1. Run the dipole for the stretch 1-110 about the Cα centre, Lys and Arg Cβ at +1, Asp and Glu Cβ at -1, nothing else charged, and hand back the magnitude in debye, nearest 20.
2. Accessible surface of Y181 in the full protein assembly, 1.4 angstrom probe, to the nearest 10 Å²?
3. Suppose only helical runs count, i.e. DSSP H with n ≥ 4. What mean residue ellipticity at 222 nm does that imply for the chain under -39500 (n - 2.57) per run, divided by all residues and rounded to the nearest 500 deg cm²/dmol?
4. In the stretch 1-159, what is the count of Lys pairs whose alpha carbons are under 21 Å apart, counting only pairs at least 8 residues apart or on separate chains?
5. Non-local amide H neighbours of D126 (under 5 Å, H modeled in plane, Pro and chain starts lacking H): which ones?
6. Roughly how many Å² is the accessible area per residue of the chain, as a whole number, for a 1.4 Å probe?
7. Would any residue of the stretch 107-124 have its amide N under 17 Å from a label point 7 Å out along Cα→Cβ of R207? List them or say none.
8. To the nearest 10 square angstrom, what accessible area does V195 show with a 1.4 Å probe?
Amino acid sequence: MNYKIAEIFESINGEGRNAGQLAVFIRFAGCNLDCPYCDTKWANDVFNNRKLEIYNSQEVYSRIKQSGINLVTITGGEPLIQPEITDLLQLLSGDLGLGVEIETNGSADISIIDSIKKNRPSLTMDYKLPSSGMEGFMLVNNLTLLNQQDTVKFVVRTKYDLIRSWQILNEYDLLKRCAVYLSPVYGKLEPPEIVEFMKEKKLNGVRLQLQLHKHIWGVNERGV
């Protein structure tokens, strides 16, 4: 199977449970959502203009192995809407020396990875909040399919986003299912305001996370 990929690069993870660790990033082109704060819209433009690279599963796997890095981050765009993505995930998971993380936007069915029984990829799944304009596209059943190796990330831009994230994590008892992160849109909601909200709501177990890569390289750098 051939895949439409915007870029493959090596860097540190900027967010999620693996923040600060080296990873090989496989960024797929194309997304089914249009969030106003998206920092990888260019990957959708690449898809729409067909200025992308085509790799088959074995070529992706070979590129990862050549890097000498054993953590893989599958991202986008939206990787779980790519045709036959499970073929690639099966191949990567079959290498027990690799750890695979999938970054997904919450609108794609995550049950497609249920067929991977050994070395299952971990999920870092967004729940899109009101300021994104995309909350209506969330597959809320995904929230019931997460496990202890997975993470829900709430990207917050407004005070109401914070309130809505609190409602969702309580409604679905997320802290008993998976890790929960609050991540502010860069330059929009100040981290101290999030900390005060966490204190007010006694959000034990929830983590505030800043986007590490933006603090190191700035907001416009690619391939980092």
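The values are calculated or read from the model by the stated rules, or taken from the named source; none is laboratory data. Given the structure is predicted, the values throughout are model-derived calculations rather than measurements. Here the Cβ is made from the backbone with ideal geometry for all residues, glycine too, and neighbour counts use every protein chain on show. Ligands, DNA and RNA are stripped out before the accessible areas are found, and what is left, the full protein with its side chains, is counted by its heavy atoms. Shrake-Rupley method; radii C 1.70, N 1.55, O 1.52, S 1.80 Å.
1. I would put it at about 220 debye.
2. The accessible area of Y181 comes to roughly 10 Å².
3. -7500 deg cm²/dmol
4. Eligible lysine pairs with Cα atoms under 21 Å apart amount to 9.
5. Amide H to amide H, under 5 Å and 5 or more residues apart or across chains, D126 pairs with T104, N105, G106, K153.
6. 47 Å²
7. Within reach of a label on R207, which here means backbone N under 17 Å from a point 7 Å along Cα→Cβ, the stretch 107-124 contributes 122-124.
8. Accessible area, nearest 10 Å²: 60 Å².
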